[in-house]
Structure formats: C-alpha cells, structure tokens
There are 2 protein chains.
Amino acid sequence: MAEPKCEVIVLGRPAVFQFYNEQLSQKFLIHKPWESSLPLDQFISTHAQSIQAMICSPKGIGSQISSSLLRLFQSLRLIVTTSTGVDHIDLVECRRRGIAVASAATVFSEDVADFAVGLLIDVLRKISAADRFVNNGLWPIHGDYPLASKVGGRKVGIVGLGSIGRKVAKRLEAFGCIISYLSRRKKPVSYPFYPDVHELATKCDVLVICCALTDETRHLINKEVLLTLGKEGVIINIARGAIINEMELVQCLEQGEIAGAGLDVFVNEPNVPEELFSLDNVVLSRHVAYYTEDSFRDLYELICGNLEALFLNKPLLSPVLDD
Amino acid sequence: MAEPKCEVIVLGRPAVFQFYNEQLSQKFLIHKPWESSLPLDQFISTHAQSIQAMICSPKGIGSQISSSLLRLFQSLRLIVTTSTGVDHIDLVECRRRGIAVASAATVFSEDVADFAVGLLIDVLRKISAADRFVNNGLWPIHGDYPLASKVGGRKVGIVGLGSIGRKVAKRLEAFGCIISYLSRRKKPVSYPFYPDVHELATKCDVLVICCALTDETRHLINKEVLLTLGKEGVIINIARGAIINEMELVQCLEQGEIAGAGLDVFVNEPNVPEELFSLDNVVLSRHVAYYTEDSFRDLYELICGNLEALFLNKPLLSPVLDD
C-alpha cells in the first residue's frame, strides 16, 4: 500500500503552480483554493485539520499569513514561502506555535540582481523610452533627442548588502560604477559603509533598494532622502514597494526633484500609481525581477526538498525558522 | 589682428551641434548647411574653395562622403567624423587626394558597451515589455505572465572584439555569461576564438554585433546564421544595420526562428521595418547607444583637438588616415 501523501495547502496562488502544478500535485496531496468553488474561508475550514504544510506567496488573495489564520491550522508544521522576503508571515506566531518556516532563500538572487542592473541601465540610458519613441513612429519626425547619462562613474548606494545587494554591486563594478552601501552591520567588503540612509543619499547618485521589508525599513526612503539624493538622483527598487514612501516618490518624480526611477515593486500590487504612467523617466515592471525559467526550476526543487525534509525529519534546505 | 579662423563645413548635421554649437562656432568659422536657405549643392559650391576641414556624421542628409563630393573640395585637408565607424567615407579617395581622416575613436566605447548590455538584459528579461504591460494598465487584469530567460550562463558570441566588444565581454562576464568571439584575427584574450560566424552561432545563444561595417561584414548575419543560432537565440546590434540582412532578421523574428532582438541600428535610418513594431520580443532604439552627456563632452574636445592639430601641423588625436 502506498504511503499517504503529505497534505499541503497553497495560499496566495504562487506563480510556481503555473509551471510545476502537475509535478507538485503528483508528489504531494495539494489543496488549491483557486480550483475550488468554495469561498476561501470555507475552503480553509474544510481542510485545515489535516493540513501539515503550507506553500504561500506574498502576492494575491489570502497571502497574509496572520496569527488568526495560523490559529485555524492545528496540525500545521511547516510553511514554505515561494519568496525570499517573509514579511507576509507572522513569524512570532509561527515560533510560538512551533511552525517551521522555509523561504526561497537565494534561489532568485542572481535574477533579481540582473534585473536591478537592467532597470538601472534602462533608466540612465532611456532604453524603454527609446523603444516607445521608435514604436510610436516618432524617429522620422523628431530629429532631436535628449542625451542620456553614462552608467560608468555613477556613485551607486546599495541599500541592503545581502545576497542580492552583493550581486548588484559586483555587476555594477564591471561598468565602472562606484559602490557604497547601507546595512545594519558593516560587512567584510571593501565598499564604503554608511549606517545612515541620509549620509548614503548624500554620497550617491543612485540608490538600489535590495533590503528586506521590516518595521525598520518601512518608508526608509522618504521625501527627505529623495531630496538629499537630488535632481540627478535615480532610485531602483526590486525589493518591496513599502520600503519607499510611494506617494512621496511619485511627487518627487513628477516635480523633477529626482531624475528617474526603475520600479519592479509597489505598495499595493497589482495597482501602480497612475501618475507614473505618463513619465518617460520611469521604468515600470510587474514584480518579475525573479521571473525566469531557471529560477522557477530551482524553486520547484527547493519546495520539494523542504517538504520532503519535513516528512523525513531532516533539516530544512532553506530554513527561516527551524522548529 | 586676430588670425583668420579655420574654415570648416559640416555635413550630415552631427548631434554634437545640438549641444556644442556655440563653442564650436566661436573657435572655428563653421559653415552649416542647415542654417542656410540654399539647397545643399549650391551651399557646397558657394563655400567649397575655401574649406580646409569637414565635420561629418554617418546620419542625415549629405552624410555620404563620396568621391564625387570630395572632388568639389579642392582645399580640403581633414575630415573629422563624429562617429567611430567610417563606412560613410570613401577612404580610398581620401588617401588618393591626401585628405586626412579622424574619427571619434573610442570616445563612445563605454557608452555603447553599456547600451549593448542594457539591450541584452532588456530582451532576455523582457523589461521594455513589462514597462509596456504596466503602462497599458494590464497588470490588474492579466494574472499570468511569461517567464523570462536568465542572463547568467548564456553563451554570448561577440562579433568583433574591438574596443566596444571587449567592454561588452567584461561586463557580461560579471553576470556569469560565457563569452566567445569572432574577429579577423585571434586576440590575446582567454575567450574562445571562432573565425567563422556559423561556428560561433552554433556555439552561442546570443550574438552581440560590435564590428565595423565593411565589405566583408555587410550581411554577415543572414538567415542561415540566424537559423543556426536557433529558436532560443537573441541578436543584439549596436554597430551598423547593414551588418545584418534586415529583411531576413525580420522574417526570423516574425516566424519565431529566433527568440528576440535588441536593435539600436537599422539599414535605412530613421526608418525601422514596421513589422518589428508589434513584436514584444524586440527592443528598438534610435541609434543612441553612444548618446550621453559625458560622451558628447569628450567628443567635442576630440573634434577641437583634431582641428587644432591640423592647423598647428601636429599629429591628429584620433587618426583613421593620416596625411
């Protein structure tokens, strides 16, 4: 007789199910609310008692893993989030309940770093703007075109020198950018360290936001920081929307208080402030900095590995909280 | 009494005159056809006898410096082109007439290399496509989104390992790309060398065109090469449009024979094949890979330096043909 499969609920409809639904459903007994006609709360109460593991993502309906939600899952032993960030999970409550948490760890680091650099080159060198210009048939009509800014020589401040931040720095060094960073602690690297974001903004032309969203980093980048960065300043955000005061960023961009921005993340996704749509110095993306075939294959394997580790009583592959 | 100023004609309306018109006009006696009501041929015949130097660009009306044009300028001693490429100048005729030629040399190399890498990240990671998607308000409507391709691990063939090509290679190495190259001769570098473009296309996922346009490189990239590159293949061109058989490239892109392209240059600029406008896997730009404030300041200084060298009988700063 075959072993009973591990029962897993999926909340937030992670994108990995677009690509590995079949494989995951063969390996585990997966409960997917989006395939059920039941409302989410009824779906949860129907299955909650037998659920041992949860796969969740920070995006979509039901993505907030709050204490009141956790209370419903009395047999839950592991949460695997498909993200690097864990700001959507109440970690204190998980610890209290002895629920282990695993993340996507560094699976996406290279892709997110590549995307950050791509956004920065795009903003400085006006690539999406040029693409729009040509696609709208304007080239034969408008002779003149504004000059762009050189990438080399830019003073780039990395906000959060973790796995992604270090990879952004390494890539930008190859372009001749001058790197410094902000972090909770000084790291064993040669780049200048600034513990204060205003000081970093004073020293830099560009800020690349690579830190986790926490109580300390929420609205870390506000109007004051943006004004300090100045009229030639550029902001790149591939981390979380709420690390920036979005309304103040929009105002600064509209009023020319900073030069441009490349934004993959927003406060209230999938809603993007419409004021940004008309700005040629802003490159907008839809939270896809991590979105490659290679990363999703790695993520799929990591999810399976973490779930299997739980049921084999082995150490998790990418623990955030180990039980 | 002040020395008589050097008489210079400007053909092709180089963009440097958008930004340094005043400074150049103070230093030299500059004849600009676009400020005259005379037709170009009359303008030329009015001034030709006294012209000692020419500033030209490969773009715009009157940009072809042919033997019949050169015949009109009996006192011409120097042509300074504002481009790195000199394919718009009849060099054989210049040599025969003892006319020296100076180019922009490597002034633009870093900027063009940055732009090439920006186009490649954009195509692989679909940045302009994401920008279009968000700007069109589609994010809240369409849940699913196609996966992109990772930059790292891509096998990139540099076609022409000159100043720009080497800089592209250095930057892409920082992303974990695997570099090889095509060149007339093997260079003292560690990258694998392929003297044949078909062999390079067999070994690579991406070709970045960085070579000069010559009789040998015209239509170097044709349908056969593109089919060899294959369905995952990507073409980046920041060199000259005619190095690629543009019609065959358009067909291959339309039919999915290759995966995408990032194109800053075209055969018949400012006209871009309209079939490309509807393709989300193509990033179009308007021959601005070199277009930054920093490069133009450097170019302005190089033009002045070359013109002054002529009149002081000193060696040119960036000679292509020295008299």
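In this rough spin-label picture, where each label sits 7 Å from Cα along the Cβ direction, the residue A:231-residue A:199 distance is 2.8 nm.
Of all aspartates and glutamates in the structure, those lying under 20 Å Cα to Cα from residue A:223, and not within fewer than 8 positions of it along the same chain, are A:196, A:199, A:205, A:215, A:232, A:246, A:248, A:254, A:257, A:264, A:274, A:275. Cα gyration tensor of segment A:34-84, axes a ≥ b ≥ c as square roots of the eigenvalues: rounded (a/c below 1.5), prolate (a/b > b/c) or oblate? The shape class here is oblate. DSSP assigns beta bridges within chain A; of those with both partners inside it, close to 10 percent run antiparallel.
Given springs between every Cα pair under 10 Å in a Gaussian network model of chain B, which of B:289, B:129, B:174 has the largest fluctuation? The residue with the greatest mean-square fluctuation here is B:174. Would you please state the base-10 log of I(q)/I(0) at q = 0.11, 0.20 1/Å for segment B:1-143, with intensities from the Debye formula using one equal scatterer on every alpha carbon? Debye output, listed in q order: -0.55, -1.21. Could you please report the charge total around residue A:145, scoring K, R as +1 and D, E as -1 over all other residues with beta-carbon less than 11 angstrom from its beta-carbon? Taking every Cβ under 11 Å from that of residue A:145, the sum is +1. For segment A:253-323, the alpha-carbon coordinates run over 57, 27, 20 Å along the three principal axes, in decreasing order.
Classify segment B:86-191: rounded, prolate or oblate, from the alpha-carbon gyration tensor (a ≥ b ≥ c, eigenvalue square roots; a/c under 1.5 rounded; otherwise prolate if a/b is larger than b/c)?
Values: a/c = 3.74, a/b = 1.86, b/c = 2.01.
The shape class here is oblate.
When residue B:75 is represented by a point 7 angstrom out along its Cα-to-C-beta vector, the spacings to that point in the other copies are 9.8 nm, nearest first. Partner shielding of B:289-301 amounts to 3, given as the average count of beta-carbon atoms from other chains within 10 Å of each residue beta-carbon.
When shorter helices are ignored and each DSSP H run of at least 4 residues is given -39500 (n - 2.57), the per-residue value for the protein assembly as shown at 222 nm works out to -10000 deg cm²/dmol.
Remark: A:131, A:41, B:298 ranked as A:41, B:298, A:131, counting other beta-carbon atoms within 10 Å and listing the fewest first.
Rounded to whole numbers, the Karplus 3J(HN,Hα) couplings from phi for segment A:165-177 are x, 5, 6, 4, 4, 4, 5, 6, 4, 5, 8, x, 6 Hz, using 6.51 cos²θ - 1.76 cosθ + 1.60 with θ = phi - 60°, and x at Gly and Pro.
Projected onto the charge dipole of segment B:209-257 (+1 at Lys/Arg Cβ, -1 at Asp/Glu Cβ, origin at the Cα centre), which of B:244, B:211, B:233 gives the Cα projection farthest towards the positive end? The listed residue farthest towards the positive side: B:211. Each of B:221, A:255, B:276 was scored by the projection of its Cα onto the charge dipole of the protein assembly as shown, and the greatest displacement toward the positive side belongs to B:221; charges sit on the C-beta of Lys, Arg, Asp and Glu.
Considering segment B:135-208 at the alpha-carbon level, its Rg and Dmax are found to be 16.5, 53 Å.
When only Cα pairs below 8 angstrom with a gap of at least 6 residues are kept, segment B:25-116 shows a relative contact order of 24 percent. GNM on chain A, alpha-carbon springs under 10 angstrom: the most fluctuating residue among A:253, A:302, A:138 is A:138.
Could you give the dipole magnitude of segment A:239-314 about its Cα centre, charging the beta-carbon of Lys and Arg +1 and that of Asp and Glu -1, in debye to the nearest 20? Working shown, then result.
On the way: 4 positive and 14 negative charges, 77 e Å.
In debye, rounded to 20, segment A:239-314 gives about 360.
Step through the table entries B:59/B:187; A:5/A:32; A:126/B:32, compare each Cα-Cα distance with 20 Å, and write down the pairs that go over it. Can you show the working numbers first?
Details: B:59/B:187 31 Å; A:5/A:32 15 Å; A:126/B:32 29 Å.
Where the Cα-Cα span goes over 20 Å, the pairs concerned are B:59/B:187; A:126/B:32.
Quick one: putting +1 on the C-beta of Lys and Arg, -1 on the C-beta of Asp and Glu, what dipole do you get for segment A:4-83 around its Cα centre, in Debye to the nearest 20? The partial results should precede the final answer.
Numbers: 7 positive and 4 negative charges, 32 e Å.
Dipole size: approximately 160 debye.
Legend: residue pairs B:150/B:170; A:314/B:150; B:27/B:314; B:203/B:231; A:150/B:167, Cα-Cα distance threshold 21 Å; pairs beyond threshold, A:314/B:150. From the Cα gyration tensor of segment B:208-279, with a ≥ b ≥ c the square roots of its eigenvalues, which class applies: rounded if a/c is under 1.5, or else prolate if a/b is larger than b/c, or else oblate? Judged from the Cα gyration tensor, segment B:208-279 comes out oblate (a/c at least 1.5, b/c at or above a/b). With label points defined 7 Å past Cα in the direction of Cβ, position residue A:184 shows copy-to-copy spacings of 5.9 nm, given to one decimal and shortest first.
When all alpha carbon pairs of the protein assembly as shown are counted in 20 Å bins from zero, the resulting P(r) reads 18, 45, 28, 8, 2, 0 %.
What's the whole-number percent of alpha carbon pairs in segment A:281-321 lying beyond 15 angstrom? Taking all Cα-Cα pairs of segment A:281-321, the fraction more than 15 Å apart is 57 percent. With the convex hull drawn over the C-alpha atoms of segment A:70-130, the volume per residue is 102 Å³. Take each residue in B:136-143, count the other chain C-beta atoms within 10 Å of its C-beta, and the mean is 4.
Using R₀ = 56 Å, calculate the FRET efficiency as 1/(1 + (r/R₀)^6) where r is the Cβ-Cβ separation of residue B:187 and residue A:45; round to 0.05. Could you put the intermediate results ahead of the total?
Details: r = 68 Å, r/R0 = 1.22.
The calculated FRET efficiency here is 0.25.
Could you check what % of the DSSP bridge pairs in the protein assembly as shown are antiparallel, to the nearest 5? In the protein assembly as shown, approximately 5 percent of DSSP beta bridges are antiparallel ones.
Across chain A, the mean sequence separation of Cα contacts (distance under 8 Å, 6 or more residues apart), normalised by length, yields a relative contact order of 17 percent.
For residue B:44, what charge total do you get from the other residues with a beta carbon under 15 Å from its beta carbon, if Lys and Arg give +1 and Asp and Glu give -1? Show your work: numbers first, answer last.
Values: positive: B:13, B:32, B:71; negative: B:7, B:35, B:41.
With Lys, Arg at +1 and Asp, Glu at -1, the neighbours total 0.
For segment A:170-305, dividing the convex hull volume of the Cα atoms by the residue count gives 150 Å³ per residue.
From the mean inverse distance of alpha carbon pairs (Kirkwood) and the Cα radius of gyration, derive Rg over Rh for segment B:1-49. Reported Rg/Rh, Kirkwood definition of Rh: 0.98. Size descriptors for chain B: radius of gyration and Dmax over Cα atoms are 21.6, 75 Å. Dipole magnitude for the protein assembly as shown: computed about the Cα centre from +1 point charges on Lys and Arg Cβ and -1 point charges on Asp and Glu Cβ, it is near 1520 debye.
With label points set 7 Å from Cα along Cα→Cβ, the inter-copy distances at residue B:218 are 6.6 nm, sorted shortest first.
Counting Cβ atoms of other protein chains within 10 Å of each Cβ in B:274-287 and taking the mean gives 4.
With loop defined by DSSP as not H, G, I, E or B, and exposure as at most 16 other Cβ atoms within 10 Å, which is the longest segment of chain A clear of exposed trypsin sites (Lys or Arg not before Pro)?
Numbers: sites that count: A:5, A:184, A:185, A:186, A:218, A:231.
Longest gap between qualifying sites, sites excluded: A:6-183.
Just so you know, all these numbers are worked out from the coordinates, no wet-lab data involved. This one's a predicted model, so the numbers in the text were calculated from it and none came from an experiment. Counting neighbours? That spans all protein chains shown, and the Cβs are built from the backbone with ideal geometry, glycine included.
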